[in-house]
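Taking it in order: structure first as structure tokens, then the write-up.
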């Protein structure tokens, strides 16, 4: 069975859609929404839709993900971003099938959409210099991932925007079985330039940390 974890900060517009997509997969026995200090109706809506809601009182996606992992009852865990409304109906199947059926340890999603500015201008150039083997992953910053709980518990998650690339690099370092799967086409959710500066800095820190470069 599958535990789906949705870290959520002010996602009242999309959280119902994401939860209902999870409900479509018969192997999902647990939907956990981690309310990461939301100030809107995210928690209320998630509870109305039957999700289990836990409250994370430390701001940061990594904190929310850690809480979700600890709470999950199943070995197979799928993470979905709560700000995306156009997931395909079979996104849970695509992310979980390699784990449930083929003993893959970690799955990273790729999707059809122009690469984000931080991915193309910051992450990929730095990865090409420091971790050239990672260039085969087309969406290294994707937050749509899946993995075995026992494997997630072996790594320490970054607490900010660096969490997703940190997980990928740590999984590679652990030498676990990794697979990239295509989950369809997603709309591009643009961030403000101020938010992009913060995201870029935190992504770079996570990459440089794993290259043993002091910052």
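The values are calculated or read from the model by the stated rules, or taken from the named source; none is laboratory data. Owing to the predicted nature of the structure, the values given are computational and were not obtained by experimental measurement. In this analysis, Cβ positions are derived from the backbone assuming ideal geometry, glycine residues included, and neighbour counts consider all displayed protein chains.
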- [ ] For the stretch 54-73, name all the residues that are surrounded by fewer than 18 Cβ atoms within 10 Å (Cβ to Cβ) and outside any helix (DSSP H, G or I).
- [x] 54, 55, 57, 58, 59, 73
Open item on the list: Give all pairs with beta carbons closer than 7 Å in which a residue from the stretch 56-82 that is farther than 24 Å from residue 100 by Cβ meets a residue that is assigned to a helix (DSSP H, G or I); count only pairs at least 6 apart in sequence or on separate chains.
Closed with: 56/63; 56/64; 56/67; 61/163; 62/163
- [ ] State whether one or more residues within the stretch 187-203 are farther than 16 Å from residue 96 by Cβ and in contact with a strand residue (DSSP E or B) (Cβ under 8 Å, 6 or more places away or on another chain).
- [x] no
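Limited to the stretch 91-121, what total is found for residues that are in a helix (DSSP H, G or I), in contact with a strand residue (DSSP E or B) (Cβ under 9 Å, 6 or more places away or on another chain) and exposed (fewer than 15 other Cβ atoms within 10 Å of the Cβ)?
Count: 1.
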Open item on the list: Name the single residue that is surrounded by the most Cβ atoms within 10 Å (Cβ to Cβ) among those in the stretch 172-187 being under 15 Å from the mean Cα position of the chain (by Cα) and closer than 20 Å to residue 61 by Cβ.
Closed with: 183
Task: Which numbered condition residue 13 fails, given (1) free of Cβ contacts under 8 Å to residues at least 60 places away in the same chain; (2) farther than 26 Å from residue 98 by Cβ; (3) surrounded by fewer than 21 Cβ atoms within 10 Å (Cβ to Cβ) - done: (1)
- [ ] Please give the number of the condition residue 162 fails out of (1) farther than 14 Å from residue 206 by Cα; (2) at pLDDT 95 or above; (3) crowded, with 17+ Cβ neighbours inside 10 Å.
- [x] (1)
- [ ] Would you check if residue 88 is over 13 Å from the mean Cα position of the chain (by Cα), more than 23 Å from residue 201 (Cβ to Cβ) and outside any helix (DSSP H, G or I)?
- [x] yes
Open item on the list: Go through (1) at pLDDT 95 or above; (2) more than 14 Å from the chain's Cα centre (by Cα) for residue 169 and report which single condition fails.
Closed with: (2)
Task: Residues located in the stretch 29-52, provided they are crowded, with 20+ Cβ neighbours inside 10 Å and not in a helix (DSSP H, G or I) - done: 31, 32, 33, 34, 35, 36, 38, 51
Open item on the list: Among the residues of the stretch 127-155, what is the count of those that are in contact (Cβ under 8 Å) with a residue 60 or more places away in the chain and touching a strand residue (DSSP E or B) at 6+ places or on another chain (Cβ under 6 Å)?
Closed with: 5
